[in-house]
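Scroll down for the structure; my scribbles are underneath it.
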6 protein chains.
Amino acid sequence: MSGVIVTNPPKADAKDVEALAGFGVATVSEAMGRTGLLGPDIRPVQQGVRVAGTAVTVLSWPGDNLMIHAAVEQCGEGDLLVVTTTSPSTDGMFGELFATALHRRGVRGLVINAGIRDTQELREMGFPAWARAVSAQGTVKATGGSVNVPVAIDGQVVRPGDVILADDDGVVVVPRERARETVGRSKAREAKEAASRAAFLDGQLGLDRYGLREKLSQLGVEYRTFEEYEGERP
Amino acid sequence: MSGVIVTNPPKADAKDVEALAGFGVATVSEAMGRTGLLGPDIRPVQQGVRVAGTAVTVLSWPGDNLMIHAAVEQCGEGDLLVVTTTSPSTDGMFGELFATALHRRGVRGLVINAGIRDTQELREMGFPAWARAVSAQGTVKATGGSVNVPVAIDGQVVRPGDVILADDDGVVVVPRERARETVGRSKAREAKEAASRAAFLDGQLGLDRYGLREKLSQLGVEYRTFEEYEGERP
Amino acid sequence: MSGVIVTNPPKADAKDVEALAGFGVATVSEAMGRTGLLGPDIRPVQQGVRVAGTAVTVLSWPGDNLMIHAAVEQCGEGDLLVVTTTSPSTDGMFGELFATALHRRGVRGLVINAGIRDTQELREMGFPAWARAVSAQGTVKATGGSVNVPVAIDGQVVRPGDVILADDDGVVVVPRERARETVGRSKAREAKEAASRAAFLDGQLGLDRYGLREKLSQLGVEYRTFEEYEGERP
Amino acid sequence: MSGVIVTNPPKADAKDVEALAGFGVATVSEAMGRTGLLGPDIRPVQQGVRVAGTAVTVLSWPGDNLMIHAAVEQCGEGDLLVVTTTSPSTDGMFGELFATALHRRGVRGLVINAGIRDTQELREMGFPAWARAVSAQGTVKATGGSVNVPVAIDGQVVRPGDVILADDDGVVVVPRERARETVGRSKAREAKEAASRAAFLDGQLGLDRYGLREKLSQLGVEYRTFEEYEGERP
Amino acid sequence: MSGVIVTNPPKADAKDVEALAGFGVATVSEAMGRTGLLGPDIRPVQQGVRVAGTAVTVLSWPGDNLMIHAAVEQCGEGDLLVVTTTSPSTDGMFGELFATALHRRGVRGLVINAGIRDTQELREMGFPAWARAVSAQGTVKATGGSVNVPVAIDGQVVRPGDVILADDDGVVVVPRERARETVGRSKAREAKEAASRAAFLDGQLGLDRYGLREKLSQLGVEYRTFEEYEGERP
Amino acid sequence: MSGVIVTNPPKADAKDVEALAGFGVATVSEAMGRTGLLGPDIRPVQQGVRVAGTAVTVLSWPGDNLMIHAAVEQCGEGDLLVVTTTSPSTDGMFGELFATALHRRGVRGLVINAGIRDTQELREMGFPAWARAVSAQGTVKATGGSVNVPVAIDGQVVRPGDVILADDDGVVVVPRERARETVGRSKAREAKEAASRAAFLDGQLGLDRYGLREKLSQLGVEYRTFEEYEGERP
């Protein structure tokens, strides 16, 4: 694999990224029609942090962090590094030295579909990260890969310049062209949730609020007292 | 699957539930003869919380939270919601809105053999949860299931009204008819552990306290100096 | 399996252990040529703790903690207990009572390739542990095993008396004969990292610092503008 | 865990078992409303075999096959042995010697939620088995368990005397009281499938046969030409 | 998620598909620079079959096969159905009835990033399939999804009309625009492999054939006799 | 990691290897006190083959097969190649070209704690293999490793010259110094199994043959009729 380093990709508008950072990952995913989520195996190494940035993508050989070095140069203010490997790997490709270099360049954080190390140092320096594994295993710089090409992680495609939003619930990608529209839809979703929250606090049931009693009936779900049910069971 | 919603199941006595909440999950499981534990893949989303409640059970289709809505209506003071799916799923079926509704009804927490989301919000509102996965993936309300039927999770059957006790070590289920007896046995277990703790602090060895030296000898386990062992090794 | 309990194995020098405790797991593994790491599935049950000790090893039957009792007697000041099973197990073989006994003997912590319980109590008493699983499942004392024999965990051999170093990034084993040499190499590694850190803070790129531009070129990795790249893609 | 061996449980009628053996696992599960399936991790060790029998259940300690010995005595003509462990295990608890003893007693096969060994010998002697793992790891006879108590595997409860049906697609359990009814429903399901098969062979589409075009429309699924779709995409 | 069904996507040229079917999956992946492979968890349900076709893609809700029905209408001679779900699922979404309908339309096989059932029937009718799981679990037809949109599976993007090649080693996707070029490169790769095979049969070593002795030396790999090595070890 | 290639290690006696090939993996493991087994995740890619050979070991970087090339030169008549990686990998490091070279040199087969490809070709040429994964993913030749050093796989240490025995049940390693003794013990084990087989065919129960009735009684396992048991259950 020869690989390519792509320079100056288009990026989502910074104001839209800023706005998206005001919503939770779940809200934004719902706002996009329940799409865009990286799967549940990529977890935060800290708690209570939410961050958004524009993706700089890296496709690396397993056990090799050469291309992360190449990617640092492509990173700037407001970016968020997204790293994946050509085959599954848990090696600790990224640690505190990379975070130091990226932090200085204004990078917002890291999403890595592989391993990470120096997790305590990352927490202390306030560089947030989401990773598939924590591993102290070091890597080599021997095989080529790519920077700023589209990568696929857990059923989602991440392109350079797309918005990455991450919090304790996971990571969602918003295509750069849909960032503005998604801000609007997220606001609407949040308003809808606020109304539901108020109603639930007031004692309303979801069954009534969302008209689900009829749905249950249509689906043939029936009510039984415990005694009736026990009498019918094998 | 048509499904059924069972109303008014019998429940363990509230005083017994209260009493069980005073013991750790490990202690109660030991008191029941090392049974009752849900497996190690269902983990708390918070740290340092222990809670007990009477089970309201939900059996849902994967990717669908319709039946959780139906279950909310069946939940009351002192209950704890237990959700599982008909096939494995990591989707975030449960979040802060459900927790809001349940919290208001006096529900003690959630055990879900699937995914959960809004974990930071749940921690902030003090609604404890144990889940197989954290995932922001939303769900639909399209397919029927059941509420308050017996469900099987990780080799354990949970029936409505059974006691669920959960802490940092995991989740244990106590059949409602065995709640009182288990309180007594847990007290005895705790007393036994306290005596062992004191003895260990005093320097006694488990080998002596539990009469294990003879056991080792009967099993043919032998002592060797390092030099003897190295001399015998291949 | 009859099993053997080996007494008085040689141990790494206490001063070297002390010195190694001053480095991170990643640093020490790098200093040993990127070797010695237990895999990423053994995780700490606390956060922000680093500890080093000399290994007392236990090889147990799954679901059985008899040999941990035998091991306690072999443990002393500065040791760290390392437990594995003859086949994969998640059972909670170790809890607060064992920790109490070990703590009193000056043992530094636990690494267990199986399950652990009483995790909240362990955190409260300050006995650090690294485990493959958290599980309240209790165990029996019925089948023999060995203490202080070499054991293999995740591709690494741990011998009694070897140095175990563990932190949030995982666990590394340093052969007892290489402890002193590894202290020296770790210092050198740390100095090298400090210089890199300073350079990165100063804005230097890894590409330049490590001479990687030529490497990329030799590997055939090429630079493209976004427009060039899009034009060449299928 | 003391354990109990239950003798002479009621069993499903042999004629119903015989009749169920005429259907596939998928058909029978569908006939029961898409329920009753053990999960996809229990796989056949042979290919192209379908078998049905009445369950004799075993609940064993991990790494211990004592209770399988106790179960053999409880097994007779037309039974099928179902083994699970109190915590997850891959050990090879069952091999050719057990199969020899069971085969002589007219037992139809084995379903084991753990490991199996002597797989080649089992295939040669025609004793079919479904297992979670293949492992040569031997076990001890040291800890008690139970025979012919209800056990839960992968979300299903198996009671002694229930019908177990297994083929290349997996394993389904039919409660003994529902065996006859399930035969009837399976016949109906098979007839329905035969009609669909004929229609599909004749060129009919499922969209038309099941009235799904309207469903798609109600759900808001829309048709686009490739050119339209590409024009709308980000 | 509303979803869309895309009609008449461009397809790779049938002659190129035919030509690609003459190579193994490993050869074609190597010819594309070691790219294009779906991961190792998607396995064939038969042995010794190789097949190529143009992708018709399906993105389904977990536990729901509605969109496969919609996809059948979009399938024709030479196609190969590729199914994935919006979140991980092992349910048996596809079975013999679908295969019957597709077989009649000239479809070459199935790749499914979820579960499959009726595996024995599929083998008997000669409809090859590659799946993540075998499960008899049936599905509903309740939630929308998409047909012939790009889908991402295990780090690869599959677009409608791309070439899918599958054999015992797994599944590779060739972008439709690169099909012809890949045929050529695969031929070259095969020729190179044939030459290596002949050389190896003749006794040449890869070390010499590929000039690796110098590489080893540059990397600092050294030769030691067993005695030297043992003398240097700790 | 610089790495080392160790030449001319001592090997188990060929006659002992030959003799061990006459026993099953389970028998030999039992004969060694239930030790020596590689775990259940390393599976054969063929069925019904048993093979034994002396280990030539390889420790490779993930995604890199350079050291397998170095190992070929160290392989001779009666050897069996054992490959593992420094961190977990599923890449297809080994395929038909390597098998061709090894076959010519009289090598008996392959055990690889990583991925393999060209599985159909391997079956056709009769070169048996056991692997953790099947994957067509190719590898590079860029990073050093070692040949003929001790490696640890799944809790077992394999040293060069040790005997590897593999069949459908998995893989066992016999230390070279224990080969002769293990032949003797395996014969004894086989004789004991033959006697048990005859007894079981004759209708004897394991309960009686192994004196387990008393054991059950000592452990507190009790017999109940179904009616008694149902009466006592919660």
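The values are calculated or read from the model by the stated rules, or taken from the named source; none is laboratory data. Worth saying up front: this structure is predicted, and the values here are computed from it rather than measured. A quick note on method: Cβ atoms are made from the backbone with ideal geometry, for glycine too, and the neighbour counts reach across all protein chains shown. Quick note on the areas: whole protein, heavy atoms, side chains included, nothing else; ligands and nucleic acids left out. Shrake-Rupley method; radii C 1.70, N 1.55, O 1.52, S 1.80 Å.
Which one is farthest from the chain's Cα centre (by Cα), of the residues in the stretch B:41-70 that are closer than 27 Å to D:Gly3 by Cβ and surrounded by fewer than 24 Cβ atoms within 10 Å (Cβ to Cβ)? Residue satisfying both the conditions and the ranking: B:Asp41.
When E:Ala142, E:Ala133 are checked against the criterion of being of a type in the set (Gly, Ala, Ser), in the same structural domain as E:Val56 (by TED's automatic domain parsing) and within 17 Å of the chain's Cα centre (by Cα), a single residue qualifies: E:Ala133. Kindly establish whether A:Glu73 is free of Cβ contacts under 8 Å to residues at least 60 places away in the same chain, touching a helix residue (DSSP H, G or I) at 6+ places or on another chain (Cβ under 8 Å), open to solvent by 10 Å² or more (accessible area, probe 1.4 Å) and assigned by TED's automatic domain parsing to the domain that holds A:Thr143. Spelling it out, A:Glu73 is indeed free of Cβ contacts under 8 Å to residues at least 60 places away in the same chain, touching a helix residue (DSSP H, G or I) at 6+ places or on another chain (Cβ under 8 Å), open to solvent by 10 Å² or more (accessible area, probe 1.4 Å) and assigned by TED's automatic domain parsing to the domain that holds A:Thr143.
If the condition is being surrounded by fewer than 16 Cβ atoms within 10 Å (Cβ to Cβ) and either within 14 Å of chain C (Cβ to nearest Cβ) or farther than 22 Å from C:Glu232 by Cα (or both), then the stretch E:181-196 contributes E:Glu181, E:Lys187, E:Ala188, E:Ala191, E:Lys192, E:Ala194, E:Ala195.
Number of residues in the stretch D:11-21 that are of a type outside the set (Lys, Arg) and open to solvent by 50 Å² or more (accessible area, probe 1.4 Å): the value is 3. Counting the residues of the stretch E:22-37 that are on the phi > 0 side of the Ramachandran plot and crowded, with 19+ Cβ neighbours inside 10 Å gives 2. Would you check if B:Gly211 is more than 9 Å from every other protein chain (Cβ to nearest Cβ) and of a type in the set (Gly, Ala, Ser)? It is true that B:Gly211 is more than 9 Å from every other protein chain (Cβ to nearest Cβ) and of a type in the set (Gly, Ala, Ser). From the list C:Pro160, C:Pro175, the lone residue that is surrounded by fewer than 24 Cβ atoms within 10 Å (Cβ to Cβ), over 15 Å from C:Glu18 (Cβ atoms), within 14 Å of chain E (Cβ to nearest Cβ) and under 18 Å from the mean Cα position of the chain (by Cα) is C:Pro175.
For B:Pro40, the conditions (1) more than 21 Å from B:Met93 (Cα to Cα); (2) assigned by TED's automatic domain parsing to the domain that holds B:Trp130 are fulfilled apart from (1).
The residues of the stretch B:125-147 that are open to solvent by less than 30 Å² (accessible area, probe 1.4 Å) and touching a helix residue (DSSP H, G or I) at 6+ places or on another chain (Cβ under 6 Å), listed by number, are B:Phe127, B:Ala129, B:Val134, B:Ala136, B:Gly138, B:Gly145, B:Val147. For the structure I just gave you, tell me whether C:Ser186 is more than 31 Å from the chain's Cα centre (by Cα) and either of a type in the set (Ser, Thr, Tyr) or on the phi > 0 side of the Ramachandran plot (or both). No: the conditions fail for C:Ser186. Output the residues belonging to the stretch E:48-94 that are polar (S, T, N, Q) and more than 11 Å from chain D (Cβ to nearest Cβ). Once the filter is applied, which keeps residues that are polar (S, T, N, Q) and more than 11 Å from chain D (Cβ to nearest Cβ), the stretch E:48-94 yields E:Thr54, E:Thr57, E:Ser60, E:Thr84, E:Thr85, E:Thr86, E:Ser87.
Taken over the stretch D:129-147, the residue count meeting the criterion of being in a strand (DSSP E or B) and either of a type in the set (Lys, Arg) or on the phi > 0 side of the Ramachandran plot (or both) is 1.
To keep it simple, each residue is scored yes or no on (1) in a helix (DSSP H, G or I); (2) in contact with a helix residue (DSSP H, G or I) (Cβ under 8 Å, 6 or more places away or on another chain).
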site	(1), (2)
F:Leu165	no, yes
F:Thr182	yes, yes
F:Lys187	yes, no
F:Glu193	yes, yes
F:Phe200	yes, yes
F:Glu227	yes, no
F:Glu230	yes, no
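The combined condition, being surrounded by 15 or more Cβ atoms within 10 Å (Cβ to Cβ) and either at pLDDT below 95 or basic (Lys, Arg) (or both), is not fulfilled by F:Arg233. How do the pairs read when you match residues in the stretch A:156-175 that are assigned by TED's automatic domain parsing to the domain that holds A:Ala26 with residues anywhere that are of a type in the set (Phe, Trp, Tyr), using Cβ under 8 Å and keeping only pairs 6 or more apart or on different chains? Once the first residue is assigned by TED's automatic domain parsing to the domain that holds A:Ala26 and sits in the stretch A:156-175, its partners that are of a type in the set (Phe, Trp, Tyr) give A:Pro160/C:Phe226; A:Leu165/A:Phe23; A:Ala166/A:Trp130; A:Gly170/A:Trp130; A:Val171/A:Trp130. Against the criterion of being free of Cβ contacts under 8 Å to residues at least 60 places away in the same chain and either surrounded by fewer than 19 Cβ atoms within 10 Å (Cβ to Cβ) or within 14 Å of chain F (Cβ to nearest Cβ) (or both), B:Thr225 qualifies.
With F:Leu97, F:Leu122 as the choices, which residue is within 10 Å of chain E (Cβ to nearest Cβ), surrounded by fewer than 24 Cβ atoms within 10 Å (Cβ to Cβ), touching a helix residue (DSSP H, G or I) at 6+ places or on another chain (Cβ under 9 Å) and modelled with pLDDT of 95 or more? After ruling out the rest, the residue left standing is F:Leu97. For the stretch B:148-157, filtered to residues that are part of a strand (DSSP E or B) and within 28 Å of A:Leu219 (Cα to Cα), the residue that is most open to solvent (accessible area, probe 1.4 Å) is B:Val157. The set of residues in the stretch A:199-221 that are over 14 Å from B:Arg105 (Cβ atoms) and open to solvent by 60 Å² or more (accessible area, probe 1.4 Å) comprises A:Asp208, A:Arg209, A:Tyr210, A:Arg213, A:Glu214, A:Lys215, A:Ser217, A:Gln218. Scanning the stretch F:4-20 for residues that are away from chain E (no Cβ under 14 Å), closer than 25 Å to F:Ser146 by Cα and out of contact with any strand residue (DSSP E or B) (no Cβ under 7 Å at 6 or more places or on another chain) turns up F:Asp13, F:Ala14.
A quick yes/no check of all residues on (1) basic (Lys, Arg); (2) on the phi > 0 side of the Ramachandran plot; (3) over 31 Å from the mean Cα position of the chain (by Cα):
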{"site": "F:Phe200", "(1), (2), (3)": "no, no, no"}
{"site": "F:Gly203", "(1), (2), (3)": "no, yes, yes"}
{"site": "F:Gly206", "(1), (2), (3)": "no, no, no"}
{"site": "F:Arg209", "(1), (2), (3)": "yes, no, no"}
{"site": "F:Arg213", "(1), (2), (3)": "yes, no, yes"}
{"site": "F:Leu216", "(1), (2), (3)": "no, no, yes"}
{"site": "F:Arg224", "(1), (2), (3)": "yes, no, yes"}
{"site": "F:Glu232", "(1), (2), (3)": "no, no, yes"}
